[in-house]
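The values are calculated or read from the model by the stated rules, or taken from the named source; none is laboratory data. It should be emphasised that the depicted structure is a prediction, and the values quoted were computed from it without experimental measurement. Cβ atoms come from the backbone with ideal geometry, glycine included; neighbour counts cover every protein chain shown.
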Amino acid sequence: MGETLVEMKNIYKKFGEVYALKGVDFVIKRNEIVGLVGDNGAGKSTLIKILSGIYLADKGEIYFKGRRVHINSPKDAMKLGIETIHQDQALVNEMSVARNIFMGRELTKTLHLLDKKKMREKSMEILTDIGLHLKSPDINVKSLSGGERQGIAIARAMHFNAKILVMDEPTTALSIREAQKILQFIKQLRNSGVSCVFITHNLHHVYPVADRFTILSHGRKINDIMKKDTSIEKLEQLIMK
Amino acid sequence: MKRIIKIIEKFYSYRPATIFIILIGLVTIFSVFSPNHTFLNLKVITSILRITPILGIVSIGVTILMICGEFDLSVGSILAFCSMIMAILFSNGMNVFLAAFIALIIGAFVGMLNGIITVKFGIPSFITTLGMMMILRGVVLLLSEGMPISFHPEQKHHIFSSIFVGNILGIPMQFIWFLRVAFLFWIVLEHHKFGNWVYATGGNKEAARAMGIPTNKTKIICFIIVGILCAFSGIIETTRIYSSYPLQAEGMNLLAISATVIGGTALSGGVGTIIGTVCGAILIQVIDTGLLLLRAPAFWFRTFIGMLIILVVIINKYLRRR
C-alpha cells in the first residue's frame, strides 16, 4: 500500500437541522481499493459528494498528496484526478454514447463547435480499451444495459486520467454476470495504479475486491479495518452495531 | 426493396418525422379540398409565410428552454412589453433602430430575471413565468392605458421596414428571419458545446452537474434566449401591423408550447429538435389558414390543434418505446 493520496479530516455536513456527517475522517491511499460501507443513511454518499465537489463541507479539511485543497465544484475534483460515478446519475439516457462521454468536456473546434468526428472516434476507442464493444457511438444510452452504462461511465473516468475512481453503488442495479465483470474491472484498475473507492451496502460485492474498509454509521466513522484483520461476518456485525 | 425499407426506417427513427408527414398530409388535404384549390394560391402561401414567423421565432426559444427542462408562460407578455416599449420610445422621437435594440435588451433582461428567480429560489419555472406573464401584461396595460400605440417607422426609415417585413424574390423577410434564427439555433443545439450542455441539463441535471456543466448558468442563458427571441418577434409583428396593442400576443404562450410539443419536444426535457418546432409552427398556421379556406367556423382551430397535440404525443411515445 502506497502513500496517502487523499485525506479528509473532521468533515461536518448539516442538511437543515440534521447532521449527515459529524466529524468524519477518510483516507485513500495509492493503489488501494477502499470499501466505504454502512447502512442506508450512514452518510456514505454525502461524504463522497463532498469529495467530488457536489456539496461543500460545513467544516473540515481535505488534503491531496499532503497539500491542503479546496474542492468547490466538480471541476475542481476532476482537476485533481478524482472521478466519481454517481449512483443512477452518471449518464444522460436520452443522449448518445459519444455525447455522454464528452459531456462537460467536449472536444471542440473553433468557436466551441463540437468536433463530432473526433468525439465519435475517440468514444469507440475508449470503449474498446475497456473491452466494451458497441455498434455505434451514436446510439442512445437508454437502449443499453445497466452493465454497459456502468462501463461507459468507467471508460469516461479512465479516459480523463482518473487517479482516484469513486463509485457509488456500481453493482446494485446490475445482473450477477454484469456485476462480476465490473468487479473484475475494478481489480484491474488497481493493478494499473488507480485507487478506487467502492461505496455499497452489499458486502458480498465489495468484500472480495477491497483492501480496506471504512465503516460509517449515523454520520460517524465507527471503524477502519484492513481486510486481513476481518471477515465478512465481522464486517456485518460492525455495520449492524 | 430492402433498401427502401431501410431508408424509411431511418427516416422514422428521426424524431421530427411524424410531424413532417402530418404536415405534408394536411397540406395535401387542404389543397385538394379547399374551393378551387385556393390553398395552393401564391397569395395564400405568402400569407402563411408572413404570419408563421411570429409564432415560430418565439417557439424556437420555447423549444430550447423546454429541452433544458424549463417552461416559459410569459412569452406573449414579454413580446407585448418589448413591442410597447419600442413603440413608445419611437413615438417620442427616438431612432427606430435604437428603440428596437433597447427592446431586445429588455427582452434579454426579462428572460434573465425569469431565469435567475427560477434557479436561485429553486421554484418551478411554471410559477415564475406565470407570475411574470401577469406582471408584464399589467404593466403593458398601464403603459398604454389600454389603447394601441401606432408605429410607422417606414415614414422616417424605410429600410427598417424592409429589413424586417420586406420581400426578397417574393419571399417575406420575416420568413427569412425565421429560417435564419432556426438555422442559428440548430447549429447551437446540434453542433455547439452549449447545445450539449442544454440537452444534458434537461436530460439529467444531476449527471450534468457532476460532470462539471454549469447547469444553472445554462438554464439562465436559455431563458435569456427566449426573452431576446420574444422581443425580436415583437419587433417584426409590430412593424408588420404598424402598431403595438395591449393584448398583443395574448395566448401565444400555449400556442408556442403547442408548436414545440407537436414538433416532438418532450415536456420532461432532454429531447427535442429545432426542425420539429419549425414544422410545428408552420403546421399550426397551415391548419388556421386551411380551416379558414374550407370555410369551417373559426372555432374549429383550437379543437383541431388540441386533438393534434394529444395525437402527436401518443405517436411519439409509441415510437420511442420501440
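List of remarks:
- Single residue of A:Leu113, A:Leu132, A:Leu91 found to be out of contact with any His (no Cβ under 7 Å at 6 or more places or on another chain) and under 25 Å from B:Ile67 (Cβ atoms): A:Leu91
- With respect to the stated conditions, B:Gly212 fails to be within 29 Å of A:Val92 (Cα to Cα), within 14 Å of chain A (Cβ to nearest Cβ) and crowded, with 24+ Cβ neighbours inside 10 Å.
- Whichever residue in segment B:215-244 is closer than 26 Å to B:Gly122 by Cα and free of Cβ contacts under 8 Å to residues at least 60 places away in the same chain and, among such residues, is nearest to the other protein chains (Cβ to nearest Cβ): B:Thr215
- Subset of segment B:12-54 [part of a helix (DSSP H, G or I), among the polar types (S, T, N, Q) and within 24 Å of B:Leu255 (Cβ to Cβ)]: B:Thr18, B:Thr28, B:Ser31, B:Thr46, B:Ser47, B:Thr52
- The listed residue being in a helix (DSSP H, G or I), within 14 Å of another protein chain (Cβ to nearest Cβ), surrounded by fewer than 21 Cβ atoms within 10 Å (Cβ to Cβ) and among the aliphatic types (A, V, I, L, M), out of B:Val139, B:Val188: B:Val188
- Residue check, A:Ala90 at pLDDT below 95, among the small types (Gly, Ala, Ser), crowded, with 22+ Cβ neighbours inside 10 Å and under 30 Å from A:Ser136 (Cα atoms): yes
- Qualifying positions in segment B:195-209 - at the interface with chain A (Cβ under 7 Å from one of its Cβ atoms), under 26 Å from the mean Cα position of the chain (by Cα) and not hydroxyl-bearing (Ser, Thr, Tyr): B:Asn196, B:Ala200, B:Gly203, B:Asn204
- Residue that is farthest from B:Gly202 (Cα to Cα) [pool: residues in segment A:82-114 that are in contact with a strand residue (DSSP E or B) (Cβ under 6 Å, 6 or more places away or on another chain), more than 7 Å from chain B (Cβ to nearest Cβ) and not polar (S, T, N, Q)]: A:Ile82
- Checked against the criterion of being touching a residue at least 40 places away in the same chain (Cβ under 8 Å), buried (at least 23 other Cβ atoms within 10 Å of the Cβ) and not hydrophobic (A, V, I, L, M, F, W, C), segment A:59-82 has no qualifying residue.
- Residue check for B:Ile127: assigned to a helix (DSSP H, G or I), farther than 24 Å from B:Met86 by Cβ and free of Cβ contacts under 8 Å to residues at least 60 places away in the same chain: yes
- B:Gly276 touching a residue at least 60 places away in the same chain (Cβ under 8 Å), within 12 Å of chain A (Cβ to nearest Cβ) and more than 30 Å from A:Asp76 (Cα to Cα): no
- Residue check, B:Gly280 crowded, with 20+ Cβ neighbours inside 10 Å, closer than 21 Å to B:Thr303 by Cα and not β-branched (Val, Ile, Thr): yes
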